[in-house]
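First comes the structure, then the notes that go with it.
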Amino acid sequence: MTGKERERVIPITTDARTLEQRRKDMVNNLERKQKSASGNLAKVNDKPTRSHNWDDEVNRWIQEAYNRWNEDMGRMARDTFVLVPQCDFDMEPLVPFGMFGPFGHVPSILARMKQQLDSL
């Protein structure tokens, strides 16, 4: 401390009321102020609110999901393409790795790929 600083006294006010009593008083004061400011509290309409038909909403969601699914499946079927190997070396299963084998196996690979795509 440099000597120029002074002690500050902070007054502490205590309230003998309990937390429940203070809350009740606060709510009563707010109600009293609200009534005096606007005259009366706002009236609530007694009309029942329109209930939302959730069945229609759920059916619409399900139909949209089906439509999206069908669109995606159609797009996949339209956008599929034939995969042709660029390099047909080392693709013959009966030829040791690194050896050149007969080139007649490429059509069988393509036929097998077409069969797998058709089965989807």
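Computed from the coordinates by the stated procedures, all read-outs in this text should not be read as laboratory data. Keep in mind that what you see is a predicted model, and the values were worked out from it rather than measured.
Were the residues from Val27 through Arg60 laid out at 0.36 nm apart, the gain over their Cα-Cα distance would be 7.3 nm.
Taking 0.36 nm per residue of separation and subtracting the current Cα-Cα distance, fully stretching the chain between Ile10 and Asn70 would add 14.3 nm.
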